[in-house]
């Protein structure tokens with residue numbers, strides 16, 4: 001069996017981090033291909049249920065990235081998101097659902113392609129260190 | 001606390017006969033000891049059924065959201081904080097409400113008394129200020145009220161109502177120097193695998209009856225996330241992942257709103273300590289944003305607002 005590679009779901013804000021991913025690609029910056037990008041209109045759009053749903057479906061890691069505070073396209077979406085994620089992050093670790101190193105948050109503007117590639121590598125390394133997801137996976141009913 | 005009974009009846013009679021309100025929400029005696037039930041009084045001739053003692057732990061704020069009539073409601077400290085939360089979230093108007101504030105010395109935990117009766121069936125319970133005398137066929141036991149308080153009441157720091165139109169008795173002394181979070185710190189000190197196992201064992205008996213949700217005054221969504229089917233966030237089975245998802249999200253929805261009234265735990269038919277989930281959030285909200293739910297009537301809830309310099313050590 002080939003070496004295990006993590007699957008990481010990345011929720012990227014359309015106005016910044018998604019642009020940064022695009023710029024990283026155009027600039028030919030290298031990072032491993034473990035992330036699956038989901039484009040969202042704002043980090044404030046990321047419902048905690050999305051993150052739980054990703055883990056429930058077997059994702060090894062989740063990464064949410066949005067605009068720097070003050071640069072939100074919708075003025076304040078990421079500022080609400082910050083409070084929401086602070087509580088979500090601590091509660092997920094508290095209940096043992098998510099081990100340290102699986103859930104990541106970042107602010108990356110659309111010009112920061114190098115930061116994007118760096119953070120992507122960091123996220124992937126951290127999830128690899130955490131290993132394959134063990135808890136909190138919903139077993140699907142087997143269809144005959 | 002028995003003395004409130006007469007005050008409640010008198011106030012209910014007065015408010016109903018003067019047509020100040022259409023409904024009075026209080027408690028009446030249950031059919032078995034320790035089980036008072038919420039009671040909606042609509043006419044003066046029902047007023048004498050109203051009752052108050054140490055078994056009125058259910059949160060009456062649960063019956064307020066989206067009411068259209070004028071209501072009087074008996075409110076302990078925690079109930080009144082939940083009324084404040086309802087007012088902040090536009091679930092009811094202040095001018096519809098007449099709040100009968102009940103300074104509270106804590107409600108008793110029926111489950112622990114029943115456990116100590118070791119299977120003997122209580123048929124009658126009578127209480128004075130300090131003791132509860134329980135009798136049944138061939139036995140009589142006296143319980144000390146203070147030692148059998150509900151676990152959330154024992155650490156309560158808001159015993160007096162924060163909003164009221166009329167107080168039913170003199171304000172009681174607030175408990176000072178209470179450590180509210182020893183259990184949270186104990187869990188925080190565990191390793192991540194221990195915490196996972198701890199919560200797995202905690203919710204293992206859960207039968208997904210949703211009594212905790214239904215007893216909670218904060219759970220008033222027209223469609224709860226557990227009932228949504230497109231997309232379906234949580235399966236309806238008692239699969240451990242589904243059960244944990246339910247308990248996790250239920251608690252998360254209480255972030256910055258929970259007043260630790262203990263209704264969820266009191267309602268649980270299998271005795272799960274569901275407050276273990278909500279108390280961590282309460283602690284975080286207090287530490288990060290300095291907010292206590294329902295204490296200040298014109299302060300927005302913490303997830304409904306933000307500050308430019310909110311802490312973000314977890315963000316890269």
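The values are calculated or read from the model by the stated rules, or taken from the named source; none is laboratory data. Computed from a predicted model, the values in this text were never measured in an experiment. Cβ placement follows ideal geometry from the backbone for every residue including glycine, while neighbour counts extend to all protein chains displayed.
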Exercise. Residue B:269: more than 22 Å from residue B:85 (Cβ to Cβ), within 14 Å of chain A (Cβ to nearest Cβ) and in contact (Cβ under 8 Å) with a residue 12 or more places away in the chain, yes or no?
Worked result: no
Exercise. Looking at this structure, is residue B:172 assigned to a loop (DSSP other than H, G, I, E, B), more than 14 Å from chain A (Cβ to nearest Cβ) and in contact with a strand residue (DSSP E or B) (Cβ under 8 Å, 6 or more places away or on another chain)?
Worked result: no
Problem set entry | Selection within segment A:1-20 - part of a helix (DSSP H, G or I) and either more than 16 Å from residue A:104 (Cα to Cα) or modelled with pLDDT under 95 (or both) | A:19, A:20
Exercise. So how many residues does segment B:293-316 have that are crowded, with 19+ Cβ neighbours inside 10 Å and touching a residue at least 60 places away in the same chain (Cβ under 8 Å)?
Worked result: 2
Problem set entry | Hits in segment B:53-66 (condition: surrounded by 24 or more Cβ atoms within 10 Å (Cβ to Cβ) and in contact with a helix residue (DSSP H, G or I) (Cβ under 8 Å, 6 or more places away or on another chain)) | B:55, B:57, B:59, B:60, B:61
Exercise. Residue B:235: free of Cβ contacts under 8 Å to residues at least 12 places away in the same chain and buried (at least 16 other Cβ atoms within 10 Å of the Cβ), yes or no?
Worked result: yes
For this session: Looking only at segment B:280-292, count how many residues are surrounded by 16 or more Cβ atoms within 10 Å (Cβ to Cβ) and either outside any helix (DSSP H, G or I) or within 10 Å of another protein chain (Cβ to nearest Cβ) (or both).
Result: 9
Problem set entry | Any chance residue B:126 is assigned to a helix (DSSP H, G or I) and either in contact with a strand residue (DSSP E or B) (Cβ under 7 Å, 6 or more places away or on another chain) or within 29 Å of residue B:247 (Cα to Cα) (or both) | no
Exercise. Where in segment A:37-144 are there helices (runs of 4 or more DSSP H), lying fully within it, with 3 or more residues that are more than 10 Å from every other protein chain (Cβ to nearest Cβ) and exposed (fewer than 15 other Cβ atoms within 10 Å of the Cβ)?
Worked result: A:113-130
For this session: Go through (1) within 14 Å of residue B:315 (Cα to Cα); (2) touching a helix residue (DSSP H, G or I) at 6+ places or on another chain (Cβ under 6 Å) one by one and return the number of the condition residue A:94 breaks.
Result: (1)
Exercise. Does residue B:205 count as farther than 28 Å from residue B:90 by Cα, surrounded by fewer than 21 Cβ atoms within 10 Å (Cβ to Cβ) and away from every other protein chain (no Cβ under 13 Å)?
Worked result: yes
Problem set entry | Of the criteria (1) surrounded by 23 or more Cβ atoms within 10 Å (Cβ to Cβ); (2) in contact with a helix residue (DSSP H, G or I) (Cβ under 8 Å, 6 or more places away or on another chain); (3) assigned to a loop (DSSP other than H, G, I, E, B), which one residue B:74 fails | (3)
Problem set entry | Among (1) modelled with pLDDT of 95 or more; (2) in contact with a helix residue (DSSP H, G or I) (Cβ under 9 Å, 6 or more places away or on another chain) - the single one residue B:14 does not satisfy | (2)
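Residue-wise test of (1) part of a strand (DSSP E or B); (2) crowded, with 19+ Cβ neighbours inside 10 Å; (3) within 14 Å of another protein chain (Cβ to nearest Cβ); (4) touching a helix residue (DSSP H, G or I) at 6+ places or on another chain (Cβ under 8 Å).
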site: B:185; (1), (2), (3), (4): no, no, yes, no
site: B:195; (1), (2), (3), (4): no, yes, yes, yes
site: B:200; (1), (2), (3), (4): no, no, yes, yes
site: B:209; (1), (2), (3), (4): no, no, no, no
site: B:217; (1), (2), (3), (4): no, yes, no, yes
site: B:241; (1), (2), (3), (4): no, yes, yes, yes
site: B:254; (1), (2), (3), (4): no, yes, yes, yes
